[in-house]
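Trainee: My questions all concern the structure below.
The values are calculated or read from the model by the stated rules, or taken from the named source; none is laboratory data. For clarity, every value in this text was computed on a predicted model and none was experimentally measured. Here the Cβ is made from the backbone with ideal geometry for all residues, glycine too, and neighbour counts use every protein chain on show. Ligands, DNA and RNA are excluded from the accessible area calculation, which covers all protein heavy atoms including side chains. Shrake-Rupley method; radii C 1.70, N 1.55, O 1.52, S 1.80 Å.
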Amino acid sequence: MKRKIIAAFALLSTVLAMNSCADFLDVQPEGYPSQSGFFKTDKDATDAMDGVYRIFGLGDPMWGRNFIWEQACGDDIVFTQSRWSSLETLNFTGDESPIREAWSYLYEYMANAQWIIQSLLQKGEGNLSAVEKRTLGEAYFMRAFLHFHIAYRHGTDKLGVPYEPWESFEGGWNNQIYKQQESVVKNYEMIVSDLEKAAERLPLFETYGADNQGRAHKAAAYALMVKVWAYWAYWDSSKWALIPPMVDKLESECGRDLLPDSADPFKIANNYSSEYIWSVTSVGGATPGGSEFPGICLRNKAWGFYNGWGSIKPTHDIYEEYVKNPADKRLKHNIIGYQPEINTFTFFGDAAHRYSENGDKCLSGYSIAKWMEPYSYGEKKYKEDGITKDTQATAESNPYISVNGDWPTTNLNVPLIRHAEMVLFKAEALIQQGKGGDAAKELNRLAARAGLGDNFYASATMEDLKHERRCELAFEFTDRFMDLKRWGETEILSRKTRGNVPDKTGDDEFNPNCTVKEIWPMGENTRTWTPKCIVFPYPPQEIVKAGGAWRQPDGY
């Protein structure tokens, strides 16, 4: 399904229309395509579902950059320049385009999933074909997945987010304004219910042929339950007890496991390995699609050989986290910088390519290496003079990257959930239940493949867990900012982050003198954590559109 979902992310115009038809924020109801006019064939079902998956191919608005922009609130990344000072300083308004656009797209595509569920249930499950039954499971999964990203980012125990399942209304959804749930716990209950329904109907990943890889599967539903329970545990600690048995089930029933080496999950050959659970399916080449995130992480202008965007860079703070254990292979796997141990890497066939930083407004002294494997292939090309770099020919020499640097996708899928995160959630759950000895065994699984052997002895602590989670999941869509919030790391959230700033920059400055200094938020800007920042506010215009039916979380 890789090529199908990306190239055929172009949804039937009829199904695309269901967004405008079913947009619950519209005051005037417009109706939506009826079951009698659609879902007559298996192709109708798969086309409709492929339309929901289209959210993963939108580029910047979602899993391209938007969800990463929020991580400027944390301590692991900075940007090449300031973009939204209200995000960087924790003075959220809800009108920042990443928050505003994410809200809009999440509800838009959740409405598409709602329509599929309602329509197939109206046909009667006993009347559905095997493909339609699977599609129903996929729709339940995607409804839960999108609902979850709204709920945890905007909901608290005192005020949930707007949501109602369409099929619960007699005669079907009537385009009314969604009810704002009284607590995010209610949202989590409905999300888990959807995931249970999805798991009942979805196959194991291994039963999919190559044409359908990338579709929702049973392990994805189980894994998302784990993440929901972990975030739910912030409000109700009893949820920790549910996590270890489910992670065990992922391994025993679904065949999920860690790959042997910490670099393995970020190789194209392992897109659908045992560690895979849920990813943004991506391709490069002449018809690129999927997540542009690898190109966004590639250094700005990519040393003249490709149109890297360089938007996101590591901090010196996370470098220091890695070197607490100098033998940790994840340092070199994840970060490029001026220090000798991380200064060279393979770039377009050159195994001795050296790192340097160009003249960005915000200098950190680092780039992200985690997504670099696709750029290791091909070769550096020059014009006829042998001096001028030929970016187009260089890109065309590498079949694994987009030839269009303005849409810099690669053949490397971008993980949204992988089994390493499940192992970490299991370890955290065990620690929270006073079972540090068992947690140490889980953390050692990750430490061992990072070259550290059994790094955790006797009984693991939350500090051990925090270190391992940070080092393992750096620069992924696992929400480091949310981790800091749910762990109560208010001191980290209130301080500026640092870079290893070179005195000079440029392609010829490979070994400059560097100074560790505060770089983010930029300039004189500072930030101070306040309790309301546990969630983002709603986009103000959505409160207006709801006509008084919704209110902002406390403090906004």
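Trainee: So how tilted is helix 184-201 from the main axis of the chain? Cα-based, degrees 0 to 90, rounded to 10.
Mentor: On a 0 to 90 degree scale, this one is about 80.
Trainee: Compare 80, 207 by solvent-accessible area with a 1.4 Å probe and give them largest first, with all protein chains kept in place.
Mentor: Result, largest first: 207, 80.
Trainee: So, in nm, how far is label residue 253 from label residue 97 when the simple model puts each one 7 Å beyond its Cα toward the Cβ?
Mentor: 4.4
Trainee: Sticking with this structure for a sec: Please list, or write none, the aspartates and glutamates whose alpha carbon is within less than 12 Å of the alpha carbon of residue 133, excluding same-chain residues fewer than 8 places away.
Mentor: 42, 125, 200
Trainee: Could you give the angle, 0 to 90 degrees to the nearest 10, between helix 218-232's Cα long axis and the longest principal axis of the Cα atoms of the chain?
Mentor: 80
Trainee: I've got another one for you. Compute the distance in nm between two label points, each set 7 Å from the Cα along the Cα-to-Cβ direction, one at residue 344 and one at residue 235.
Mentor: Those two pseudo-labels are separated by 5.4 nm.
Trainee: For residue 286 and residue 133, what is the calculated FRET efficiency with R₀ set at 35 Å and r taken between the beta-carbons, to the nearest 0.05?
Mentor: About 0.45, to the nearest 0.05.
Trainee: Compute the length gained on full extension between residue 491 and residue 383: take 0.36 nm times their separation in residues and subtract their Cα-Cα distance, giving the result in nm to one decimal.
Mentor: Taking residue 491 through residue 383 to full extension adds about 33.7 nm, to one decimal.
Trainee: Of (1) 25.0, 78; (2) 23.2, 73; (3) 33.7, 108, which one was derived for Rg and Dmax of the Cα atoms in Å from the structure shown?
Mentor: (2)
Trainee: Could you give the distance between the Cα centres of the range 57-97 and the range 318-351, to the whole Å?
Mentor: Centre-to-centre (Cα) distance: 25 Å.
Trainee: What is the local net charge at residue 386, summed over the other residues whose Cβ is closer than 15 Å to its Cβ (Lys, Arg +1; Asp, Glu -1)?
Mentor: 0
Trainee: Run the quick spin-label model on residue 526 and residue 448: label points 7 Å from Cα toward the beta carbon, then report their separation in nm to one decimal.
Mentor: Once both label points are built, they end up 4.7 nm from each other.
Trainee: So if we plug the beta-carbon distance of residue 361 and residue 41 into 1/(1 + (r/R0)^6) with R0 = 56 Å, what FRET efficiency do we get, rounded to 0.05?
Mentor: Efficiency, from the Cβ-Cβ distance: 0.55.
Trainee: Mind checking the full-extension length gain between residue 189 and residue 462? Use 0.36 nm per residue of separation minus the Cα-Cα distance, one decimal, nm.
Mentor: The residue 189-residue 462 span can extend by a further 95.6 nm.
Trainee: Put 272, 457, 375 in order of accessible area, largest first, 1.4 Å probe: what do you get?
Mentor: Output order, biggest surface exposure first: 457, 272, 375.
Trainee: With everything on Cα atoms, drop me the angle between helix 462-473 and the longest principal axis of the chain, reported from 0 to 90° to the nearest 10.
Mentor: Relative to the chain, helix 462-473 is tipped by roughly 90 degrees.
Trainee: At a Cα cut-off below 21 Å, give the lysines reachable from residue 496, other chains included and same-chain residues fewer than 8 away excluded.
Mentor: Candidates past the 8-residue exclusion: 313, 324, 361, 466, 485, 517, 532.
Trainee: Counting helices only, and only those DSSP H runs with n ≥ 4, report the 222 nm mean residue ellipticity of the chain as the sum of -39,500 (n - 2.57) divided by its residues, in deg cm²/dmol to the nearest 500.
Mentor: -11500 deg cm²/dmol
Trainee: Beyond 18 Å, what share of the Cα-Cα pairs of the range 412-480 is found? Please give it as a whole percent.
Mentor: 32
Trainee: Working only with C-alpha atoms, what are the Rg and Dmax values of the range 321-395, expressed in angstrom?
Mentor: Considering the range 321-395 through its Cα atoms, Rg and Dmax are 14.3, 48 Å.
Trainee: Order 101, 206, 200, 189, most accessible first, counting only protein heavy atoms with a 1.4 angstrom probe.
Mentor: Largest to smallest exposure gives the sequence 200, 206, 189, 101.
Trainee: To make sure I understand the rule: partners must be aspartates and glutamates, Cα under 12 Å from the Cα of residue 380, and not fewer than 8 residues away in the same chain. Which ones qualify?
Mentor: Answer for residue 380, where 12 Å is the Cα cut-off: 350, 390, 396, listed by chain and number.
Trainee: Find the Cα radius of gyration of the range 179-308, compare it with 2.2 N^0.38 Å by division, and give the number to two decimals.
Mentor: Rounded to two decimals, the normalised Rg is 1.30.
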